[in-house]
Amino acid sequence: MIRNAVVTRPGRASFRGGVLIEAGRVARVFRGEPDRVRRAVEEIDAGGDILAPGLLDLHTHGGAGGDFLTASPETLERIARFHFRSGVTGFLATLSTASAGRIASAADTIRSYYSRPTRAALFLGLHLEGPFLNPDRAGAQSRRYIRPPDPELLEELLRAAGKTARMMTFAPELEGAEELIPRLKAAGVIPSIGHSEGDYRATRRALRAGVSYAAHLFNAFPPLHHRAPGPLGAILESGRVDTEIIADGFHISPPVVRILFRLQPPERIILVSDSVSATGGSGPVGPPRRRGGVLAGGGRGLGECLWNAVRWTGLPLREVLKGATVNPARVLGIERGDIARGRPADLTLWTATGELKRTILKGRTVYRKR
């Protein structure tokens, strides 16, 4: 039982109370002090801290010295601990552009590791970022493996990823890209726009063809121009595209984050970390960069991005929280990201200033600040 907490659900008014957890699920949400519990329980006095759902990160390449594409089981353990320290209780393991053989090997290692009961809830599937990207917007992606859209290569990649493939980011303006959209949707894979140089019309065609997700908006896209709105213009005009943002303080400036929260319906904003092996390590604070100053992944964990967005927008936590909980859960079609009876007890405890005190996965404490 967790008591004496400020229960904060996405989009709902907060209240003082707590939860009762049984067999890894929320058995009861209560206001005020709980009724007497007849059987012995472990009791956590939250001391007035904020009790919120665990965070869901749909775009992370790893962290704390590990990358999903090359990780060993030992490295995957470090990545898991990194996410726990940021309040994350579920993620899409994102694989950078690579060969089908490399993706198959990484997918096998990831699936095997996360089949363990203590970690299975963390792994929500694979996000393939590439290889059908625009080389002019490659960013930190390896140009060596970027390829034009190819139905046969797509099938090979989907076989390599297996049933765990949940999302693929590609540039829809490339010749043949539009034909990939129905195949991805038929396979249960979310088509995501990213690393794109397309114009307004090409992006509109992709949206009409069924694309409704955009990876790390503003990053690896041409700027929005008043005479050439490009992909950003088409995406923001639509109001029906789920848009990732990396609110780490490096990828997007705070004023742009504020503007986006005013332009986009709050249900369409997805907060992500885009974390990489250097994120959360012992090196300098900030995002890693490649030669020429190109940003090569997020500089913060998702928890820090969440609280950055709260501070920058001035919105209440319950509103910004949607972008890291119920919104990504809806995108994946899973019952996560909220505190409600019968839901998995994936929870976080935060101070009022955004310091993470505890992460709980399926009713078990996996991180606690000492």
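The values are calculated or read from the model by the stated rules, or taken from the named source; none is laboratory data. Worth saying up front: this structure is predicted, and the values here are computed from it rather than measured. Cβ: placed from backbone, ideal geometry, glycine included. Neighbour counts: every protein chain shown.
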Examine the range 150-167 for a residue that is touching a Ser or Thr at 6+ places or on another chain (Cβ under 8 Å) and either surrounded by fewer than 15 Cβ atoms within 10 Å (Cβ to Cβ) or modelled with pLDDT of 95 or more (or both), and state whether such a residue exists.
-> yes
When restricted to Ala98, Ala107, Ala46, the only residue outside the structural domain of Val276 (by TED's automatic domain parsing), of a type in the set (A, V, I, L, M, F, W, C) and in contact with a Leu (Cβ under 7 Å, 6 or more places away or on another chain) is Ala46
Hand me the list of strands (runs of 3 or more DSSP E) wholly inside the range 311-370 holding 2 or more residues that are surrounded by fewer than 17 Cβ atoms within 10 Å (Cβ to Cβ).
-> 364-368
Any chance Phe82 is assigned to a strand (DSSP E or B), touching a residue at least 12 places away in the same chain (Cβ under 8 Å), of a type outside the set (Lys, Arg) and touching a strand residue (DSSP E or B) at 6+ places or on another chain (Cβ under 8 Å) | no
Of all residues in the range 202-254 being of a type in the set (Lys, Arg) and either touching a helix residue (DSSP H, G or I) at 6+ places or on another chain (Cβ under 8 Å) or farther than 21 Å from Pro135 by Cα (or both), which is surrounded by the most Cβ atoms within 10 Å (Cβ to Cβ)?
-> Arg204
Filter pass, Trp307 being among the aromatic types (Phe, Trp, Tyr), assigned by TED's automatic domain parsing to the domain that holds Gly210 and over 18 Å from the mean Cα position of the chain (by Cα) = no
Considering each residue of the range 54-74, count those that are at positive phi, touching a Ser or Thr at 6+ places or on another chain (Cβ under 7 Å) and in a loop (DSSP other than H, G, I, E, B), and give that number.
-> 1
Residue in the range 131-153 that is in the same structural domain as Leu224 (by TED's automatic domain parsing) and closer than 30 Å to Pro344 by Cβ present | no
Picked from the range 1-35 (must be of a type in the set (D, E, K, R) and assigned to a strand (DSSP E or B)), the residue surrounded by the fewest Cβ atoms within 10 Å (Cβ to Cβ) is Arg31
Return the total of residues in the range 116-133 being modelled with pLDDT of 85 or more, in a loop (DSSP other than H, G, I, E, B) and surrounded by fewer than 23 Cβ atoms within 10 Å (Cβ to Cβ).
-> 1
